[in-house]
1. Taking segment 37-68 as the search range and keeping residues that are surrounded by 15 or more Cβ atoms within 10 Å (Cβ to Cβ) and among the small types (Gly, Ala, Ser), which one is nearest to residue 8 (Cα to Cα)?
2. Going by the conditions given, is residue 28 out of contact with any Pro (no Cβ under 8 Å at 6 or more places or on another chain), under 22 Å from residue 89 (Cβ atoms) and small (Gly, Ala, Ser)?
3. May I ask you to list the residues in segment 54-74 that are free of Cβ contacts under 8 Å to residues at least 12 places away in the same chain and not hydrophobic (A, V, I, L, M, F, W, C)?
4. Which members of segment 9-27 meet the condition of being touching a residue at least 60 places away in the same chain (Cβ under 8 Å), more than 16 Å from residue 68 (Cα to Cα) and surrounded by 14 or more Cβ atoms within 10 Å (Cβ to Cβ)?
5. Considering only residues that are among the hydroxyl-bearing types (Ser, Thr, Tyr), surrounded by 14 or more Cβ atoms within 10 Å (Cβ to Cβ) and assigned to a helix (DSSP H, G or I), look in segment 69-94 and name the one that is farthest from the chain's Cα centre (by Cα).
6. Just give me the residues in segment 1-27 being part of a helix (DSSP H, G or I) and of a type in the set (Asp, Glu), in sequence order.
7. Under 9 Å between Cβ atoms, at least 6 apart or on separate chains: pull out the pairs that start in segment 28-53 with a residue that is over 20 Å from residue 101 (Cβ atoms) and assigned to a loop (DSSP other than H, G, I, E, B) and end on any residue that is β-branched (Val, Ile, Thr) and modelled with pLDDT of 95 or more.
8. Taking residue 87, is it under 26 Å from residue 25 (Cα atoms) and not polar (S, T, N, Q)?
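The values are calculated or read from the model by the stated rules, or taken from the named source; none is laboratory data. If you're wondering where the values come from, they're calculated on a predicted model, not measured in any experiment. So basically every Cβ, Gly included, is an ideal-geometry build from the backbone, and we count neighbours across all protein chains shown.
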Amino acid sequence: MTEIIKAVSAHVLWTAKLKTAIYSGESSYSLPEVEADDRCELGKWLSQISPELKKSPHYAKTLELHHQFHGVAGRIFSLAINGRSTEALKATEANGDITKASASLVSELRAWNNEMELG
């Protein structure tokens, strides 16, 4: 399994935990943790990858999308913990903000992985 596929898996798991917190209204996460794009496994990996991988245009795009994802996640998590669960839950639906932000990030990571496999 490539590093990028592991990163995708870590992101998907983190997103699932966040959605569970939104659905249940209970979380061990704090808002700063959700908003921070350097505390999750994907963020840690992005900060530690080799200089060779950082040369790919996919790296810059992934950083941007990952940062945007955590911004959206923070906004939605804030709704959930402040009693606006209906709005937060809507964001987790198929066309919801968090779902779209996550899908964009995963798509970019997969494109990067495909480039590496072909490269």
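1. 43
2. The answer is yes for residue 28.
3. So the first thing to find is which residues in segment 54-74 are free of Cβ contacts under 8 Å to residues at least 12 places away in the same chain, and the list is 54-55, 57, 60, 64.
Scanning segment 54-74 gives 54, 55, 57, 64.
4. Just the residues of segment 9-27 that are touching a residue at least 60 places away in the same chain (Cβ under 8 Å), to begin with: 11-12, 15, 18-19, 22-23, 25.
Add one more test, that the residue is more than 16 Å from residue 68 (Cα to Cα), and what stays is 19, 22-23, 25.
Once the filter is applied, which keeps residues that are touching a residue at least 60 places away in the same chain (Cβ under 8 Å), more than 16 Å from residue 68 (Cα to Cα) and surrounded by 14 or more Cβ atoms within 10 Å (Cβ to Cβ), segment 9-27 yields 19, 22.
5. So in segment 69-94, the residues among the hydroxyl-bearing types (Ser, Thr, Tyr) come out as 78, 85-86, 92.
Next, only the ones that are surrounded by 14 or more Cβ atoms within 10 Å (Cβ to Cβ) stay: 78, 85, 92.
If we keep only those that are assigned to a helix (DSSP H, G or I) too, we end up with 78, 85.
On the way: 78: 16, 85: 20 Å.
Only one residue tops the list, namely 85.
6. Pass one, segment 1-27, residues part of a helix (DSSP H, G or I): 3-24.
Residue satisfying the conditions is 3 alone.
7. none
8. Working: under 26 Å from residue 25 (Cα atoms): yes; not polar (S, T, N, Q): yes.
Here the answer is yes, as residue 87 does meet what is asked.
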